[in-house]
Amino acid sequence: MPTSLDEKRAEQRRWCLRREWAHVDWPDRLLAAEFLSEDEQHARQAEALRRLIRFCAAGVPFYHEVFRRLGMGPDDVRGVADIVRLPVLTKLDVQDRAAELRPRTAPAKRVALTPSSVQHHLAPALSLARLRVEDGLAHADGQRRNL
């Protein structure tokens, strides 16, 4: 069984993707991510979170309003530990404010707007603050907050 990145890449090259998927690079990126150190993984996660927060604060009306109301900017969320400062996204919020949870534009990355990609790009906005379905939600600091 392959145990190094080079061995895994050699094994992966033995597999052939369908022609329509030959252009994708995510299998290589996922493979390389398996061999990152814990510090590198945390740094990548923090950077991905910062990009997501900036996108949502600028392009998702719901989160733009949340940041405005809290007197925060996207740069105030620097890592996972700062997420607790944001209110919990409830099932009721998703149901009542679905239109405000849709981004105004797609992220400025390689995006083909198909029904599945639109669904994919809604996911970050819906999962930015933890989605909880239960009633009587409490925030991580124990305080109940309404959006």
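The values are calculated or read from the model by the stated rules, or taken from the named source; none is laboratory data. These numbers were taken from a predicted model, which means no experiment stands behind them. With ideal geometry, Cβ positions are generated from the backbone for all residues, glycine too; neighbour counts draw on all protein chains shown.
Things worth noting here:
- Filter result (modelled with pLDDT of 90 or more and either among the hydroxyl-bearing types (Ser, Thr, Tyr) or touching an Asp or Glu at 6+ places or on another chain (Cβ under 9 Å) (or both)) within region 94-109: Glu100, Leu101
- Top-ranked residue in region 54-83 [being among the charged types (D, E, K, R) and either in contact with a helix residue (DSSP H, G or I) (Cβ under 6 Å, 6 or more places away or on another chain) or not in a helix (DSSP H, G or I) (or both); ranked as farthest from Arg104 (Cα to Cα)]: Arg78
- Close Cβ contacts (under 8 Å, 6 or more residues apart or on different chains) running from residues in region 39-68 that are outside the structural domain of Pro87 (by TED's automatic domain parsing) to residues that are part of a helix (DSSP H, G or I) and among the hydroxyl-bearing types (Ser, Thr, Tyr) are absent.
- Residue within region 2-14 that is touching a helix residue (DSSP H, G or I) at 6+ places or on another chain (Cβ under 7 Å), at pLDDT 85 or above and not aliphatic (A, V, I, L, M) present: no
- Of the set (1) more than 21 Å from Asp93 (Cα to Cα); (2) among the small types (Gly, Ala, Ser); (3) loosely packed, with under 14 Cβ neighbours inside 10 Å, all apply to Gly71 but (1).
- The set of residues from region 12-53 being part of a helix (DSSP H, G or I) and among the basic types (Lys, Arg) comprises Arg13, Arg19, Arg29, Arg44, Arg50, Arg51.
- Looking across Phe62, Phe35, one residue alone is closer than 25 Å to Arg102 by Cα and surrounded by 12 or more Cβ atoms within 10 Å (Cβ to Cβ). It is Phe62.
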